[in-house]
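Here's the structure we're looking at; comments come further down.
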Amino acid sequence: MIEAVGLTKRYGAKTAVHNLSFQVRPGAVTGFLGPNGSGKSTTMRMILGLDMPTSGHVTIGGHPFRKLPNAPRQVGALLDAKAVHGGRSARMHLLSLAQLAGIPARRVDEVLGVVGLQDVAKRRSKGFSLGMGQRLGIAAALLGDPQVLLFDEPVNGLDPEGILWVRNLMKQLAAEGRTVFVSSHLMSEMALTADHLVVIGRGQLLADMSVQDFISANSADFARVRTPDTEPEGREKLTAALVEAGGQVLSEPDGALRVTGVPLPRISDLAHGADVRLWELSPHQASLEEAYMRMTQGAVDYRSTADQRAHLQHADPYGYGPGAPAPQGWAAPAGNPYPALAGEQPNPYAQAMPPQAAPQQPLGAPAPQGIPQAPPAPPVPPAAPAAPSTPPPGAAPSGPADLTKRDSEDAR
Amino acid sequence: MTAPQPPQQPAFAQAPQPGQPGMPPQQQWTGPAAPYVYVSPIPVRKANLGDALRSEWTKIRSVRSTLWTLGVMLVLILGIGLLAAGVVSGTDTELDSDASPLGLGFFGVLLSTICVMTLGVLTISSEFGTGLIRTTLTACPDRARVLTAKAIVFFLLTFVLTLVATTLVAMFDSAMLADQWDGEFTGAAYFKATVGVSLFIATLGLVALAVGALLRHSAGAITVMLGVVLLPLVVAMFMFGESLEKVRKALFEYSIPNQLAVFYGTDASEAASGPTGWEPLWIVLVVAALALGGAYTSLVKRDA
């Protein structure tokens, strides 16, 4: 159990973490999310007693870290995969840490086996790849067989097999009754690994809730409906019927309709009643990534702008000069790709940026009061923690999230 | 994605393995928060300074910079000490009664201070440079214990190696030049030129270690230590003014090379002012104590 109360850290005039209070409970994997520079690593360092909070306090099992009896046997941490002396072999690195903590030396060979580094244990860690460094850091965290584990970006640099291994390891550690606190930028990874989320932005708490609650609170599920392309009048008829039934209809670039507020069977009934054939009627549950982007959009410190290349541009015969319209489907990064929906609880941090024009134009009648959530899609089958060799279905790890993508329903 | 587990849901605790011999009773942690449900089967033992010393010994012997700095140090002390004696013994010159053959070890030891100071700085600053210090302090939150262990291991290692090297040089030099010197080898002079010099060098290394802990930057701390050794001499050389004569003299007499030379000089050759006898050791010990005090305060108070 990790408990932070009013945690604040200032570096001169800059406030890295402000009045952060949360709890991390045993028996579950708690994800720690936030944009770059939002104070995740600072918070982790304060939990470990490496940085002193300016005010507030954080305890592990009721004690501040530096007052813990046998701290290395209670808490293990991976903060930085590169935090090793490059000239020291993996085994010597772990051996020195084990000796420092009073852990039997044979435990070193155990954890080397657990992370799969036994064959390179004698090699100097200077030649290690980032992924091998992460494995070495995880080995160091597991040395004391602790009840509380902190991992800062553990899957950075790991190959797909390694990502799957880390995911199963986290779940297994949590299933054994340990407290597992993991920070990551990979939303798809967090959606598969974490049970609970702590989200911060600009050093302040944005959310502290379960993954499912987080997604449903910060996104709107919708149904995708497509009528035959050959019959545009059918599309209009269906839109009118849906709006009449209290739904909200947005048109997508490819001609499909995005319907919220009407359950799927009812859409089918309405289409049947309006005598419109459907080519597609599919449920879409928003991804963790979409929910996260919607929540943190105002709390991002480092935001990219469009690359203008203004001074390098000669007369362009193809018409893609700075003034030319961007190809369709590429929203300018300055625009807000996740506008607040009608009836959505406005996120206070999202107000830093005035809402831009919505990417989809509402069709038909005014938006109804509040949007009932569409029935959530059946949950993805859990990744089996006991079978690391067989990848669970739908668990293909995806690369870093493409932030300009509008919707990534398939990210889970 | 698994369903989120409510916190009160009991997770299964792993029972201690029955086959573990000498298992102490597992202490259940009862803080204000919920008790832990996972209990490690590995017996819990409270770590102490001995564990930290073992750890630091593992660390210092497992990196090549230790091998290089101490190797070069041995080569300098032995090589230059024996070479100087060899050159003198080949020339048939009679040594002054003031200048003991033991003094020929001085130049090698003086150069070797660079190696000792470098290793002293690197012992701690390399951990800050790589970020390893955070891992270390997570494994041992008692920061004073970490610094104490580093200081003890580094001090003993350099002291023993310097003692071996200076003793060898003193033995060979006095044997080679016994015919060309009419003075008398005293036990006290031997003791000063071996144990005294080694204590002085190792303590100087402790100052470097403390500076490394204060600055947390390898190159910066090494530069500072080289400045401490060289700057007083260089500054003194360029002080021409009559009014600065006293400052110049003090800078010269209390510079590290001159203090080191005191260990090799016979008492008669000493001037009326300046350190004599064992005074340089007391001076460097006080400096090291002050620097280490600052290093302890800095390490405990500052964010790692």
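The values are calculated or read from the model by the stated rules, or taken from the named source; none is laboratory data. Model, not experiment: these values are computed from the prediction. Neighbour counts are summed over all protein chains in view; Cβ atoms, including those assigned to glycine, are modelled from backbone coordinates with ideal geometry. Accessible surface areas use protein heavy atoms only, side chains included; no ligands, DNA or RNA. Shrake-Rupley method; radii C 1.70, N 1.55, O 1.52, S 1.80 Å.
On the beta carbon distance between A:Asn70 and B:Ala219, with R0 = 25 Å, the FRET formula returns roughly 0.10.
For A:Gly177, the residues whose amide H sits under 5 Å from its own are A:Gly27, ignoring neighbours fewer than 5 places away on the same chain, with H placed 1.01 Å from N. Shape summary of segment B:162-212, radius of gyration then Dmax from alpha carbon positions: 13.9, 46 Å. At q = 0.16, 0.18 Å⁻¹ the log10 of I(q)/I(0) for segment A:18-60 amounts to -0.45, -0.57, computed by Debye summation with a single uniform scatterer per C-alpha, solvent ignored.
Summed over the residues of segment A:122-271 and divided among them, the accessible surface reaches 32 Å² per residue at a probe radius of 1.4 Å. Take peptide A:56-68, look around each residue's Cβ out to 10 angstrom, count Cβ atoms belonging to other protein chains, and average those counts. Neighbouring Cβ atoms belonging to other protein chains average 3 per residue here.
Bridging of B:Lys246 to lysines at a Cα separation below 30 Å is possible for B:Lys192, once same-chain residues fewer than 8 apart are set aside.
Taking 18 Å as the straight-line reach from the Cα of B:Lys249, the aspartates and glutamates in range (excluding those fewer than 8 positions away in the same chain) are B:Glu270, B:Glu279. Peptide A:85-98 has a mean of 6 when you count, residue by residue, the C-beta atoms of other protein chains within 10 Å of its C-beta.
Dividing the Cα radius of gyration of segment B:44-88 by 2.2 N^0.38 Å, with N the residue count, gives 1.90. Using the Cβ-Cβ distance between B:Thr276 and A:Asp213 with R0 set to 60 Å, the FRET efficiency works out to roughly 0.15.
In straight-distance terms, cross-link reach from A:Lys67 covers every one of the lysines whose alpha-carbon lies under 30 Å from its own, apart from those fewer than eight places away in the same chain; here that gives A:Lys9, A:Lys14, A:Lys40, A:Lys82, A:Lys171, B:Lys46, B:Lys59, B:Lys150, B:Lys301. Straightening the chain between B:Lys249 and B:Glu94 buys 52.8 nm, computed as 0.36 nm per residue apart minus the Cα-Cα spacing.
Are there trypsin sites (Lys or Arg not before Pro) in segment A:106-160 that DSSP marks as loop and that have at most 10 other Cβ atoms within 10 Å, and which are they? Within segment A:106-160, the qualifying trypsin sites (Lys or Arg not before Pro) (loop, at most 10 other Cβ atoms within 10 Å) are A:Lys122. Taking amide H positions as modeled 1.01 Å from N, with prolines and chain starts lacking one, the residues under 5 Å from A:Val198 and 5 or more places away or on another chain are A:Gly31, A:Phe32, A:Leu33. Applying 1/(1 + (r/R0)^6) with r as the Cβ-Cβ distance of A:Glu252 and A:Glu231 and R0 = 25 angstrom yields a FRET efficiency of 0.90. Once the Cα-Cα distance is subtracted from the 0.36 nm per residue extended length, the B:Lys46 to B:Arg302 segment shows a gain of 89.6 nm.
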